[in-house]
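Asker: Dropping the structure in here first, questions after.
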Amino acid sequence: MRISIGEAWTAILDSSISRIREDAIDHRLPLSSLLIEVTERCNSRCVLCRTWAKKNPKELMIEDLNGLESSIAYSRIKRIYLTGGEPLLHRNLPELTHYLIRNTQNLKLVSFPTNGLMPRRLDDYLHNLVNMTDIRTQIRVGVSIDGIGEDYEQLRGIAEGYIKALESLRLIKEISRGNRRVSASVLMLISPLNIDNARRTYEYLKSQSCDITLTIATIAPFFSNTDMDGNKTGYSQSQVKELINLLNQASHDYPLHRYLYNSYKQQIIDRKRRLKCTFGRRTLYIAADGGVYLCHYMPDQNPIGFLATDTLDSILTGYEFKAMRSAIDRNPYCSECTSNCDTTTLLQEDGSDFIQYLIRHPMNLIEIITRGMK
């Protein structure tokens, strides 16, 4: 088959443009992770989050993600973090997840939180997820439990909800025994509302052989809680002392989390965030309407594009993204943020600060290695 000189030059030009486009994407952002809000619907009634009160909650559809098709940047994504609302309330979560997975080439992790109120639906979805992912892809599920008994009901507004959450945790552990790619942890949110009884909850969960991740509650538009009463978000001096004691205890019990908890303690003392953040650099947020943002917590943001009409590659190489990214470090909200939502990406993609921490605390490294060998 013969081709003309014009066709040959066109092919060469197209190839060159493609390489330039790839180089531009790599230069602008070594994107490796996406936090994707699959739904705003939620069946909890949490005091510190009022997402559940939205009158017209959005739900992410496959057609909202057209811009991921044939995307160079998206094909290289290593980690997908699903979030909500309650992710399991999405009307067709397996189909959406399959779409997200099949457009990647080297996916290492799919992670999502759940309130655990629907154990049977969680069990079905996890089996689906195991079957649709590559054997190299890890699956991590965090079950939110902030209190036991009446404490849980006061925080999350669901009577006996912690019993269902514990059942969900049991089901995940059961699946993980047959498939080591699956792991479970308890996500324990700490706030002035539960710090006085947090130690009791923590010790109970630890007695159930749970991996526990402590998170300090964040005030952000994402949670519809920026008008929250100061009594619910401000700690007394005695509560600050108890919070630091709890972080010290958790650091001892879970050496893998010690770097995170040390950063928390430093932030409490300095009143300024010490944990590095990958959002706007290696991680981006996709909202339930397909809007792309630098971060899901930072207030007063405009989307840098919509995947229903814009390709992810064009968003990443656009002027608006470059301008917003250059300004993110100057946003006053960032110094107050207590989120740990991108810690995995931080440690695996930009771990210089973590390495320096281990050099200063060599015994922590020894503990991590020792426990990892057990």
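Asker: Can you tell me the relative contact order of segment 171-258? Whole percent, Cα pairs under 8 Å, sequence separation 6 or more.
Answerer: Working: 71 pairs, mean separation 25.4, N = 88.
About 29 percent, as a whole number.
Asker: Continuing with this model, one more query. With just the Cα atoms defining each centre, how far is segment 137-174 from segment 226-296? Give it in Å.
Answerer: Taking the Cα centre of segment 226-296 as reference, the centre of segment 137-174 is 21 Å away.
Asker: Out of the total accessible area of segment 110-251 (probe 1.4 Å, heavy atoms of protein only), what percent is carbon and sulfur? Provide the component values of the computation, followed by the final result.
Answerer: Values: 3040 of 6600 Å².
Its accessible area is 46 percent carbon and sulfur atoms.
Asker: Per residue, how many Å² of accessible area does segment 74-174 show with a 1.4 Å probe? Present the calculation step by step, with values, prior to reporting the outcome.
Answerer: On the way: 4230 Å² over 101 residues.
On a per-residue basis, 42 Å².
Asker: Next question. Provide Rg over Rh for segment 141-223; use the alpha carbon set for both Rg and the Kirkwood Rh (inverse mean inverse pair distance). Provide the component values of the computation, followed by the final result.
Answerer: Details: Rg = 13.1 Å, Rh = 13.3 Å.
Using only Cα positions, Rg/Rh for segment 141-223 is 0.99.
Asker: A further question follows. Using a simple spin-label model with points 7 Å from Cα along the Cα→Cβ vector, what separation in nm is obtained for residue 150 and residue 289?
Answerer: If labels sit at residue 150 and residue 289, their model points lie 4.3 nm apart.
Asker: Order the following by accessible area, largest value first: 152, 204. Probe radius 1.4 Å; ligands, DNA and RNA are ignored. Could the numbers behind the result be given before it?
Answerer: Numbers: 152 0, 204 85 Å².
Ranked list, largest accessible area first: 204, 152.
Asker: With every protein chain kept in the model, how would you rank 236, 209 by accessible area, 1.4 Å probe, largest at the top?
Answerer: Working: 236 50, 209 95 Å².
Sorted descending by solvent-accessible area, the residues read 209, 236.
Asker: Which trypsin sites (Lys or Arg not before Pro) in segment 229-336 sit in a loop by DSSP (not H, G, I, E or B) and have at most 11 other Cβ atoms within 10 Å of their own Cβ? Could you put the intermediate results ahead of the total?
Answerer: Details: sites: 232, 241, 258, 265, 271, 272, 273, 274, 276, 281, 282, 322, 325, 330; in loops: 271, 272, 273, 274, 276, 281, 282.
Here the sparse-neighbourhood loop sites are 271, 272.
Asker: Below 8 Å between Cα atoms, with a sequence gap of 6+, how large is the relative contact order for segment 58-192 in percent? Don't jump to the answer; show the numbers that get you there.
Answerer: Values: 194 pairs, mean separation 30.8, N = 135.
Reported as a whole number, the value is 23 percent.
Asker: Could you tell me the calculated FRET efficiency between residue 300 and residue 244, based on Cβ-Cβ distance and R0 = 30 angstrom, to the nearest 0.05?
Answerer: Details: r = 32 Å, r/R0 = 1.06.
E(calc), rounded to 0.05, equals 0.40.
Asker: Count the lysine pairs in segment 202-324 that are 8 or more places apart or on different chains: how many have C-alpha atoms under 27 angstrom apart?
Answerer: Final tally of qualifying lysine pairs is 13.
Asker: Just grab the label-to-label distance for residue 176 and residue 226, each label 7 Å out from Cα along the Cβ direction, in nm (one decimal).
Answerer: If labels sit at residue 176 and residue 226, their model points lie 3.6 nm apart.
Asker: Report D for segment 54-198 in µm² per second (integer): Stokes-Einstein, Kirkwood Rh on Cα pairs, 10 °C, 1.306 mPa s. Show your work: numbers first, answer last.
Answerer: Numbers: Rh = 16.4 Å.
Calculated translational D: 97 µm²/s.
Asker: Another question, then. Taking a label point 7 Å from the Cα of residue 99 along the Cα→Cβ vector, which residues of segment 47-70 have an amide N closer than 19 Å to it?
Answerer: Within reach of a label on residue 99, which here means backbone N under 19 Å from a point 7 Å along Cα→Cβ, segment 47-70 contributes 57-70.
The values are calculated or read from the model by the stated rules, or taken from the named source; none is laboratory data. All figures in this text were calculated on a predicted structure; none of them were measured in a lab. Using ideal geometry, Cβ is built from the backbone for each residue, glycine included, and neighbour counts are taken over all protein chains shown. Areas reflect the complete protein model, heavy atoms only, side chains present, ligands, DNA and RNA absent. Shrake-Rupley method; radii C 1.70, N 1.55, O 1.52, S 1.80 Å.
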